[in-house]
Amino acid sequence: MKTNLALALDHTVINVHFEMDRAQAIFESLGFSLTPRGRHSLGSINHLIVLEDDYVEIVGLPTDTDTLRQEVLDSPVGIDGLVFQTNHADQTYQALTQAGLAVQPVQAFSRPVELDGATYAASFRTTRFEAGTYSAGRVYFCQHLTPELVWRKEWQSHANKTIRTAAFLIVARDPAAEAKKYLLASGGTLKKGTRGEWRIQAKKYSLVFVTHAQYKQCYGQLVQENTARESFFGAIALRTKNLSAVKQRLVLTQQRFPEIVWREQPDRISVSIPDFNTLIDFIK
């Protein structure tokens, strides 16, 4: 029997606004190998946590120019983006508009990448839903014109042994109704989980939808709520080969950044990063 799976994940986004230096220090301390700082032509800066097939983008705003990427500036600090893969941004745009969905014109942009003393342009084309389509944050599709400038072996090895994104958590008043909205973007099928959550399953990750009460029950004092939004992105779950490696890095990190708190369970370690309203689950 053929399974109807959701689209492949391209990347997730953590917005840090003007605090990129501190974000870089924290995520490196947690055991992530970050790519060199990039500068988008749109007016934003970033570091990537490059994994096997996807990545986590830490996006922020430069402090040395007045040219600022408005969508990043308008979005709150925290987990703010869910991005699916597309091989053709224009075809994705056409399919979504034909389905009656509100999407923006395809956007093209780039950022310079330095490799072995030479500079190359990492180029992208994106298809984005109109702002507000998803109350939790930005949901869109990304076509990589130069994937070889992103998924490089020297950036995919992490001291905390993280290998890929396992799940992405969305918190909503009505998880089932919210999940149906995401089906329009991700495809796949919607199923109820064993703990009352709703799930959209892909080959290597799942979208998980829970109520506020379920979120608090799962994470307790670690929750990072965004009360300004009707729904919000509650956590990113990352698959790791070794929870002991994660714990070792956390012990060191907490000495430098005591505000970071974490909780260990048999199959996972949950980490709260209050500065950036972010919760990360490291899953065995």
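Semi-axes of the equivalent ellipsoid of the stretch 1-133 are 26, 18, 16 Å, computed as sqrt(5λ) over the eigenvalues of the C-alpha gyration tensor in descending order. Projected label points at D267 and N242, each 7 Å from Cα along the beta carbon direction, are separated by 2.3 nanometres. Residue separation of L42 and T194 scaled by 0.36 nm, minus their Cα-Cα distance, works out to 50.4 nm of gained length.
Where both residues lie in the chain, what percent of DSSP beta bridges are antiparallel, nearest 5?
On the way: 55 of 74 bridges.
Given both bridge residues lie in the chain, the antiparallel proportion sits at roughly 75 percent.
Where a ≥ b ≥ c are the square roots of the eigenvalues of the C-alpha gyration tensor, would you call the stretch 163-244 rounded, which needs a/c under 1.5, or, failing that, prolate if a/b is larger than b/c, or oblate? List each step's numbers first, then the result.
On the way: a/c = 1.71, a/b = 1.06, b/c = 1.61.
In terms of gyration-tensor shape, oblate.
For a modelled paramagnetic label at L101, 7 Å from Cα along Cα-to-Cβ, the residues of the stretch 187-215 in reach, with backbone nitrogen under 16 Å, are 187-190, 200-202, 207.
Close amide-amide hydrogen proximity is noted between F18 and L61, each under 5 Å apart and 5 or more residues distant or on a separate chain (H modeled in the peptide plane; Pro and chain starts excluded). Radius of gyration (Cα atoms) of the stretch 95-197, expressed as a multiple of 2.2 N^0.38 Å: 1.39.
Taking θ as phi - 60° and the Karplus parameters 6.51, -1.76 and 1.60, the scalar couplings of the stretch 52-58 work out to 4, 10, 9, 7, 9, 9, 9 Hz in sequence order, x denoting glycine and proline. When the alpha-carbon atoms of the stretch 126-166 are used, the pair Rg, Dmax equals 14.7, 38 angstrom.
Which percent, nearest 5, of DSSP beta bridges in the stretch 13-170 are antiparallel?
On the way: 26 of 34 bridges.
Of the beta bridges lying entirely in the stretch 13-170, close to 75 percent run antiparallel.
Would you work out the relative contact order for the stretch 1-160, in percent, from Cα pairs under 8 angstrom that are 6 or more residues apart? Write out the running numbers ahead of the final one.
On the way: 313 pairs, mean separation 41.6, N = 160.
Relative contact order comes out at 26 percent.
Remark: relative contact order (the stretch 1-92) = 39 percent; criterion is Cα-Cα distance under 8 angstrom and separation of 6 or more residues.
Quarter the surface of the alpha carbon convex hull of the stretch 146-205 and you get the mean projected area, 6.2 square nanometres.
For A6, the residues 5 or more places off, or on other chains, whose built amide H falls under 5 Å of its own are T189, Q201, A202, K203. For A235, the amide hydrogen comes within under 5 Å of the amide hydrogens of L169, counting only partners 5 or more places away or on other chains and with H modelled in the peptide plane.
Which order do the peptides 125-137, 63-75, 272-284 come out in when sorted by mean C-beta neighbours inside 10 angstrom, highest first?
Numbers: 125-137: 17.8, 63-75: 13.4, 272-284: 20.9.
Per-residue Cβ counts within 10 Å, averaged per peptide and sorted highest first, yield 272-284, 125-137, 63-75.
Using the rule -39500 (n - 2.57) for each DSSP H run of four or more residues, divided by the residues of the chain, the 222 nm mean residue ellipticity is -6000 deg cm²/dmol.
How large is Rg/Rh for the stretch 121-279, to two decimals, with Cα atoms and a Kirkwood Rh?
Working: Rg = 17.0 Å, Rh = 17.5 Å.
Ratio value, two decimals: 0.97.
Here, P(r) means the percent of Cα pairs in each 10 Å bin from 0 to the largest distance; for the chain it is 6, 29, 38, 22, 4, 0.
If I stretch the segment between R164 and F109 completely, what's the gain in nm (0.36 nm per residue apart, minus their alpha carbon distance), one decimal? Show your work: numbers first, answer last.
Details: separation 55, 0.36 × 55 = 19.80 nm, distance 2.54 nm.
Roughly 17.3 nm would be gained on extension.
Based on the Kirkwood approach, the hydrodynamic radius assigned to the stretch 64-147 is 14.4 Å, with every pair of different Cα atoms included. Could you work out which residue, out of S29, S244, S157, moves most in a Gaussian network model of the chain, that is, has the largest mean-square fluctuation with Cα springs under 10 Å? Most flexible of the set in this elastic network: S244. Using a simple spin-label model with pseudo-atoms 7 Å out from Cα toward Cβ, T63 and Q254 lie 2.9 nm apart. Residues of the stretch 20-62 with an amide N closer than 11 Å to a point placed 7 Å from the Cα of S123 along the Cα-to-Cβ direction: none. Separation of the stretch 131-174 from the stretch 4-46 is 9 Å, based on Cα centroids. Taking 7 Å steps out from each Cα toward its Cβ at L183 and Q70 produces label points 3.4 nm apart. The string of couplings for the stretch 79-84 from the Karplus curve (6.51, -1.76, 1.60, θ = phi - 60°) is 5, 9, x, 10, 10, 9 Hz, one whole number per residue in order, with x for Gly and Pro.
No value in this document is a laboratory result; all are computed from the given coordinates. Here the structure is a predicted model, which means the values were calculated and not measured. Glycine gets a Cβ as well: all are built from the backbone with ideal geometry, and neighbour counts include every protein chain shown.
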